[in-house]
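J.: This is the structure I want to talk about, given as structure tokens.
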Amino acid sequence: MDLAVMRDSWGKRLPEILILGLMVVLLWSNLSLFLTVDIWRNDSMYYVSSYDDKLVEEGRWINHLFFRFLQLVPSDVAIVISYFCVILFSAVVAFRVTKNIFFSAVFGILCALTPVLPVQLEWPETLLFGFVGLALSPVLQKSLPDLYFFPLVAILFMGTFSAFYFLMPLLFLSGLNYSRFWRLMLIWIAAFIAAYIATNFLVYILTGHSIQLANWRNPNYLHNFDDFLVNLENIKRAIFIHLGKMESFLKKGVLAILLVSSIVVSIWKKQYWLPLLAIICSLGIYVSTLPVGIYIQDRTTLSAFIALFAALFLAPYASRTAVLVVMVIMFSLAVRMAKVGHEGISWYSINTNLLAQQIESVVVAPPEEVGRVFVVAEMAESRKMFDMINNNINKRNLYSEGFSHPQYWVPVLKEMGYKHFRVCPDLQGWDCDQIKSMYQERAQYQREQGLFISRRLPDGGMLIMINPLAVK
């Protein structure tokens, strides 16, 4: 192909290139901001000495085996790899359906702009192997028969992030028909059940216990039909809450219009298996909780978003006009999601930086001179303080957990070098009785400015408290 022909070919693709370039700008805007954050959630691997408890509660045996390695992975590296893996997997799924590289790249970036992704990466290293497995899954799917592929990836994702397993049928969207659809469903579901049993066996070998869900998840195991109805209602509530939050990216009703339009076009084109399978994939994380009744947290819904986007936007488009129209719609959605994501990242960054600045300004002794640090807060007072902070910074937080619990202040102190902690919400907790008398005297040490006050304890420890004047 001579230079003139190449120039003409690229000129015809200018609209696609322009949309893709704008999508890259949106992605870089969020990612570059996220890479400035350097304080993470309290139970991130960077801040804990063992993964044993998490293994029993979550079954992530790969994280347990590679715990020391994951602790050493820099957060920036983990975040960049995770974003890249989401883009790569989503783009491969899209390309297998559309055969359009520009459309597929835009779809991949759209999925990476989902606002729950940076929230999930507030634990940057924890799901790294899950994201890598997601990116490698198309290669495995091409290399292995279905009967081997699904059990293998199910066991691997159980060891890192099980929600990604529910995306695996998206690799089979091209060329679906009645018999292939039901065969995939049967293998997909059976492999998940087998992998869950195998994971329990692995956890038992490593710990002597099967998986025991943490109490804070409020599990409701199935014992009778009433439990089934309660858990079904819980799933319905979670789905509508998450769909409502997703609609906040758009004007009311646009999500429903897009979904109905996609289904109508698919039926008209006799491609109805594609959106049906994608919708089923998006519901996978909800249905999988039916036996245990736990609530699906916002940050774990990335797989539901990706699958729903596949249902909305993927089709074997025959017309370039249709491709461009859908790319414009995806870009419009990406702008809204990038804004929500950017505000969420900004909110998290400002809160962590503020905590670091405020706590660093009041510590009364360096880490090498302090034994235990008692971090104390009355929860009603703490919630009031952080409500005031969030009103002042005026940043929207749609998906992330707040910072009002004192356990969320501990990473700041760990980054400063302090090692031993007692966390006392409402003055309750292990060893917290001994600081109650000093806490009652905190009004004597209140400051005109600042969020916190600090006192040295007689045994060489340190007490961190909310400054009473900070909430007046």
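The values are calculated or read from the model by the stated rules, or taken from the named source; none is laboratory data. Computed from a prediction, not measured in an experiment: that's the story for all the values here. Neighbour counts are summed over all protein chains in view; Cβ atoms, including those assigned to glycine, are modelled from backbone coordinates with ideal geometry. In case anyone asks, the SASA skips ligands and DNA or RNA and just uses the protein heavy atoms, side chains included. Shrake-Rupley method; radii C 1.70, N 1.55, O 1.52, S 1.80 Å.
J.: Consider just the alpha-carbon atoms of the stretch 377-472 and return their Rg together with their Dmax, both in angstrom.
T.: 13.9, 43
J.: Quick one: accessible area per residue over the chain, 1.4 Å probe, rounded to a whole number of Å²? Walk me through the numbers on the way to the answer.
T.: On the way: 22020 Å² over 472 residues.
Heavy-atom SASA per residue in the chain reads 47 Å².
J.: If you plug each phi of the stretch 414-424 into the Karplus form 6.51 cos²θ - 1.76 cosθ + 1.60 with θ = phi - 60°, what whole-Hz ³J(HN,Hα) values come out, in order, with x for Gly and Pro?
T.: With coefficients 6.51, -1.76 and 1.60, one gets 5, 4, 7, x, 6, 10, 10, 9, 10, 9, 10 Hz.
J.: I'm a student and want to see the number: the projected area of the Cα convex hull of the stretch 303-450, averaged over all directions, in nm².
T.: On the way: hull surface 49.9 nm².
About 12.5 nm², averaged over all directions.
J.: Accessible area, 1.4 Å probe, largest first: how do Ile187, Ile197, Ile350 sort?
T.: The residues order as Ile197, Ile350, Ile187, largest area first.
J.: Sticking with this one: Which whole-number percent of Cα pairs in the chain have a distance greater than 40 Å? Provide the component values of the computation, followed by the final result.
T.: Working: 30005 of 111156 pairs.
Tail fraction, whole percent: 27.
J.: In cubic angstrom, how much convex hull volume per residue do the alpha carbon atoms of the stretch 168-327 span?
T.: Working: hull volume 24.2 nm³, N = 160.
Enclosed volume per residue, from the Cα hull, is 151 Å³.
J.: Excluding residues on the same chain fewer than 8 positions from Lys245, give the aspartates and glutamates whose Cα lies under 12 Å from its Cα.
T.: Within reach: Asp298.
J.: For the stretch 13-20, just list the computed ³J(HN,Hα) in residue order, Karplus coefficients 6.51, -1.76 and 1.60, θ = phi - 60°, integers in Hz, with x standing in for Gly and Pro.
T.: 8, 4, x, 4, 5, 5, 4, 4
J.: Here's something else I'd like to know. Give me the percent of the accessible area of the stretch 418-472 that comes from carbon and sulfur atoms, probe 1.4 Å, all protein chains in place.
T.: On the way: 1410 of 3060 Å².
Roughly 46 percent, rounded to a whole number.
J.: Kindly flag which residue pairs out of Lys384/Lys472; Lys12/Lys99; Lys54/Lys236; Lys339/Lys395; Lys384/Lys419 have an alpha-carbon separation exceeding 19 Å in this structure.
T.: Working: Lys384/Lys472 10 Å; Lys12/Lys99 17 Å; Lys54/Lys236 28 Å; Lys339/Lys395 11 Å; Lys384/Lys419 28 Å.
Too far apart for the 19 Å limit: Lys54/Lys236; Lys384/Lys419.
J.: Right, another one. Starting at the first residue of the stretch 65-71, write each ³J(HN,Hα) from the Karplus equation 6.51 cos²θ - 1.76 cosθ + 1.60 with θ = phi - 60°, in whole Hz, x for Gly and Pro.
T.: 5, 10, 3, 5, 5, 5, 4
J.: Now for a separate question. Starting from the residue with the highest accessible area, list Ser361, Ser29, Ser44 in decreasing order, probe 1.4 Å. Before the final figure, lay out each step's value.
T.: On the way: Ser361 75, Ser29 50, Ser44 0 Å².
Result, largest first: Ser361, Ser29, Ser44.
J.: Under a 5 Å amide H to amide H cut-off, with H placed in plane at 1.01 Å, what residues pair with Arg422 once short-range neighbours are removed?
T.: Here Val373, Phe374, Val375 satisfy the definition.
J.: Sort out for me the Cα centre separation of the stretch 366-412 from the stretch 100-174, rounded to whole Å.
T.: About 33 Å separates the Cα centre of the stretch 366-412 from the one of the stretch 100-174.
J.: Just the number, please: carbon plus sulfur as a percent of the accessible area of the stretch 272-417, 1.4 Å probe, no ligands or DNA/RNA counted.
T.: Details: 3070 of 5510 Å².
Taking all protein chains in place, the stretch 272-417 shows 56 percent carbon and sulfur surface.
J.: If you bin the C-alpha pair distances of the stretch 30-173 every 10 Å from 0, what whole percents do you get?
T.: Here the calculated profile for the stretch 30-173 is 11, 39, 34, 14, 1.
J.: For Asp387, Asp146, Asp431, give the ranking by accessible area with the largest first, probe 1.4 Å. Walk me through the numbers on the way to the answer.
T.: On the way: Asp387 90, Asp146 30, Asp431 50 Å².
These residues rank, largest area first, as Asp387, Asp431, Asp146.
J.: Can you tell me the equivalent ellipsoid semi-axes for the stretch 42-81? Use √(5λ) from the Cα gyration tensor, largest first, whole Å.
T.: Working: eigenvalues 68, 23, 16 Å².
Taking √(5λ) for each eigenvalue gives 18, 11, 9 Å, largest first.
J.: Is the stretch 296-344 best put as rounded, prolate or oblate by its Cα gyration tensor, with a ≥ b ≥ c the root eigenvalues, rounded for a/c under 1.5, and otherwise prolate when a/b is larger than b/c, oblate when not?
T.: Values: a/c = 5.74, a/b = 1.61, b/c = 3.55.
In terms of gyration-tensor shape, oblate.
J.: A follow-up question, please. Between rounded, prolate and oblate, where does the stretch 168-230 land on the alpha carbon gyration tensor, with a ≥ b ≥ c its root eigenvalues, rounded for a/c under 1.5, else prolate if a/b exceeds b/c? Each step should come with its number before you reach the end.
T.: Details: a/c = 2.94, a/b = 1.62, b/c = 1.81.
Verdict is oblate for the stretch 168-230.
J.: Same structure again: What is the stretch 111-241 by shape, rounded, prolate or oblate, if you read a ≥ b ≥ c off the alpha carbon gyration tensor as root eigenvalues and call it rounded for a/c under 1.5, prolate for a/b larger than b/c, and oblate otherwise?
T.: Rounded, since a/c falls under 1.5.
J.: Lone cysteines in the chain, defined as no other cysteine's Cβ under 4.7 Å from theirs: which are they?
T.: Cys85, Cys111, Cys281
J.: Simple spin-label model, 7 Å along Cα-to-Cβ: Arg442 to Arg320 in nm?
T.: Taking the two extended label points, one gets 6.6 nm.
J.: For His420, what accessible surface area do you get with a 1.4 Å probe? Give it in Å², rounded to 10.
T.: We get 110 Å² for His420.
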